[in-house]
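Enquirer: Just dropping this structure here.
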Amino acid sequence: MKNKKLHDDLERLRSEISHVATSDIESREKLNRIISDLEAKLEKPDENDDGLVKDIKEAIQHFETEHPRATNILNDIMVTLSNMGI
């Protein structure tokens, strides 16, 4: 169930990337990198995840003012990861 929620949140985040200005390459790359890392975590849940949580927290701070919807999705992802024990 938690993996389903995480997959759904990833889809929402992918959709949100299309709303990020094409000139904001750094933000797009950061979101795509987080999505890739989360997908890798879903495939291998026993892998080390210290950097993943840190990256998501940094992304939340980065997107907080300019991309509030992306921030909300990232916060949802953090809650799901926390519930998974990550």
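The values are calculated or read from the model by the stated rules, or taken from the named source; none is laboratory data. None of these values were measured; they are calculated from a predicted model. Cβ placement follows ideal geometry from the backbone for every residue including glycine, while neighbour counts extend to all protein chains displayed.
Enquirer: Select from segment 30-84 the residues that are farther than 19 Å from K4 by Cβ and of a type in the set (K, R) and list them in ascending order.
Expert: K30, R33, K54, K57, R69
The rows are residues; the columns are (1) among the polar types (S, T, N, Q); (2) surrounded by 17 or more Cβ atoms within 10 Å (Cβ to Cβ); (3) at pLDDT below 90; (4) closer than 17 Å to D8 by Cβ.
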| site | (1), (2), (3), (4) |
| --- | --- |
| T22 | yes, no, yes, no |
| E66 | no, no, yes, no |
| L74 | no, yes, no, yes |
| L81 | no, yes, yes, yes |
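Enquirer: Looking at segment 30-67 only, could you name the residues that are part of a helix (DSSP H, G or I), over 15 Å from T80 (Cα atoms), touching a residue at least 24 places away in the same chain (Cβ under 8 Å) and of a type outside the set (D, E, K, R)?
Expert: L31, A59, H62, F63
Enquirer: Across segment 9-29, what is the number of residues that are part of a helix (DSSP H, G or I) and of a type in the set (S, T, N, Q)?
Expert: 2
Enquirer: Under the condition of being charged (D, E, K, R) and modelled with pLDDT of 85 or more, which residue from segment 43-64 is surrounded by the most Cβ atoms within 10 Å (Cβ to Cβ)?
Expert: Step one: list which residues in segment 43-64 are charged (D, E, K, R), which gives 43-44, 46-47, 49-50, 54-55, 57-58, 64.
Applying the additional criterion that residues be modelled with pLDDT of 85 or more yields 54-55, 57-58, 64.
On the way: K54: 10, D55: 16, K57: 12, E58: 12, E64: 13.
If we take residues in segment 43-64 being charged (D, E, K, R) and modelled with pLDDT of 85 or more, then D55 is surrounded by the most Cβ atoms within 10 Å (Cβ to Cβ).
Enquirer: Moving to a separate point now. Could you say which residue among S18, S36 is within 13 Å of the chain's Cα centre (by Cα) and exposed (fewer than 13 other Cβ atoms within 10 Å of the Cβ)?
Expert: S36
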